[in-house]
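Working notes, structure below.
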Amino acid sequence: MTVLSTSAMIRTVPIGPYELTASEHAAVLAADRGGTPYVLLRDGDGRLMLFALRDDVVTIGRAPESDLVVAWDGEASRAHARLERVGGRWTVIDDGLSRNGTFVGDERVAGRRALDAGDTVRIGRTVLVLRAPQGAGAETITATDTAGAVSLTPAERRVLVALCRPYGGQDGAAAPATNQEVADELVLSIAGVKTHLRALFAKLGVDDLQQNRKRAELARRALATGLVRPADIARDQE
């Protein structure tokens, strides 16, 4: 575990709820380059902590036997929650043992909740920010893991390709196509597009994301795993 002093800080870079100094931000970037997923948080003295997630299960609480001890936080329980890696993705689990609950963003966790890189997990007054560098933990998706395991109907594939259409441009700032744009291209109703998207959300494992993140993550996974290839978009744009 790395602990960085925040005395005489000039606050600069925001990550989650925290403002980092230049030296703290440099330490975070170095940890990112290391490739091991980790969480960042501040202790009771305001010092930045980087806790590497090297084991598949990490317990969190005030008890000394916890893997990640938050002894300074009186609102955290002795055995509060745990982080668990399942199939290459990090999850947070609160089985009801915590007195004040565990939250991802503003939503209370009931049982298990899947996490994405950048998600914030609140344990008492302490906020953990998940950092999963590319190739480690939550962000890792490979074509062999996903593309070969996902079976799409022809209609679902057409909707997925249409959703990814804007990513074939050259401006580098694409966003997925809207429901109306997909409907217009495929001559479908909005309701029909939504039905296919719901099935795609489930098949590509983005059902548990916040609504405003599902479409972009669906497109990202489709392109990252080869379900939609650049050639598919280019051919359809000709």
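The values are calculated or read from the model by the stated rules, or taken from the named source; none is laboratory data. All figures in this text were calculated on a predicted structure; none of them were measured in a lab. Cβ coordinates were reconstructed from backbone atoms using ideal geometry, including for glycine residues, and neighbour counts include every protein chain displayed. To get the accessible areas, we keep the full protein, side chains included, count just its heavy atoms, and leave off ligands, DNA and RNA. Shrake-Rupley method; radii C 1.70, N 1.55, O 1.52, S 1.80 Å.
What distance in nm separates the two pseudo spin-label positions at W72 and R125, each 7 Å out from Cα along the beta-carbon direction?
Once both label points are built, they end up 1.0 nm from each other.
Sort 16-22, 154-160 by packing, meaning the average of other beta carbons within 10 Å per residue, with the highest value first.
154-160, 16-22
Could you give the nm distance between label points at A174 and H25, where each point is 7 Å from its Cα heading toward the beta carbon?
2.9
With every protein chain in place, what's the accessible area of Y167 (1.4 Å probe, Å², nearest 10)?
80
Show me the ranking of peptides 215-222, 43-50 by mean Cβ neighbours inside 10 Å, starting with the highest.
Top of the packing list down: 215-222, 43-50.
Would you grab the residues whose amide H sits under 5 Å from the one on E75? Only those 5+ places off in sequence or on another chain, please, with H modelled 1.01 Å from N.
Close amide H contacts, sequence-distant or interchain: R125.
Hey, what do the phi angles of region 104-111 turn into as Karplus ³J(HN,Hα) couplings, whole Hz, using 6.51/-1.76/1.60 and θ = phi - 60°, x for Gly and Pro?
Each residue's phi maps through the Karplus curve to give 10, x, 9, 9, 6, 7, 10, x Hz.
Return a whole-number percent for the relative contact order of region 30-96, with Cα pairs under 8 Å and 6 or more residues apart as the contact set.
Normalised by residue count, the contact order of region 30-96 is 22 percent.
In region 60-111, which trypsin sites (Lys or Arg not before Pro) are in a loop and have at most 12 other Cβ atoms within 10 Å, using DSSP for the loop call?
Here the trypsin sites (Lys or Arg not before Pro) that fit, given the DSSP loop and packing criteria, are R99.
How would you rank 185-191, 196-202, highest first, on the average number of other Cβ atoms within 10 Å across their residues?
So the order, starting with the most tightly packed, is 196-202, 185-191.
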